[in-house]
1. Taking the range 33-64 on its own, how many of its residues are over 15 Å from the mean Cα position of the chain (by Cα) and buried (at least 20 other Cβ atoms within 10 Å of the Cβ)?
2. Of all the residues that make up the range 81-129, how many are modelled with pLDDT under 55 and not in a helix (DSSP H, G or I)?
3. In a strand (DSSP E or B), within 20 Å of residue 105 (Cβ to Cβ) and more than 12 Å from the chain's Cα centre (by Cα): is that true of residue 67 in this structure?
4. May I ask you to verify whether residue 37 is under 20 Å from residue 97 (Cα atoms), in contact with a helix residue (DSSP H, G or I) (Cβ under 8 Å, 6 or more places away or on another chain), in a strand (DSSP E or B) and in contact (Cβ under 8 Å) with a residue 24 or more places away in the chain?
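The values are calculated or read from the model by the stated rules, or taken from the named source; none is laboratory data. The structure presented is a predicted model; accordingly, all values stated were derived computationally and were not measured. As a convention, Cβ positions derive from the backbone with ideal geometry for all residues, glycine included, and neighbour counts pool all protein chains shown.
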């Protein structure tokens with residue numbers, strides 16, 4: 001499968017967003033780097049290979065500025081060494097507004113963002129969220 005085909009199958013556009021973040025676990029807080037973000041999840045990189053419980057829920061915090069932060073509850077989607085893909089399980093309204101704005105600015109196309117939002121609402125309806 002080519003990258004173009006993979007992009008066509010994705011329901012959500014990913015944005016490359018290289019930023020420091022923290023991930024709260026049952027055992028404490030881990031520092032990590034955000035590699036990419038979407039309205040439905042993220043890819044994070046850790047200094048060490050991933051060893052936390054994959055069935056646990058985690059809380060990601062990304063500071064966009066001193067006053068603005070995105071927080072989301074995540075579950076593990078896949079692990080490859082020290083890079084971990086997460087699925088967003090819950091995000092509050094303020095964080096989704098900040099994430100939406102970030103995605104919109106990076107996509108540069110409000111039509112693509114609206115498509116992502118429609119896909120997100122469609123998934124929520126089918127999952128009973």
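1. Counting residues in the range 33-64 that are over 15 Å from the mean Cα position of the chain (by Cα) and buried (at least 20 other Cβ atoms within 10 Å of the Cβ) gives 0.
2. Of the residues in the range 81-129, 3 are modelled with pLDDT under 55 and not in a helix (DSSP H, G or I).
3. It is false that residue 67 is in a strand (DSSP E or B), within 20 Å of residue 105 (Cβ to Cβ) and more than 12 Å from the chain's Cα centre (by Cα).
4. In short, yes.
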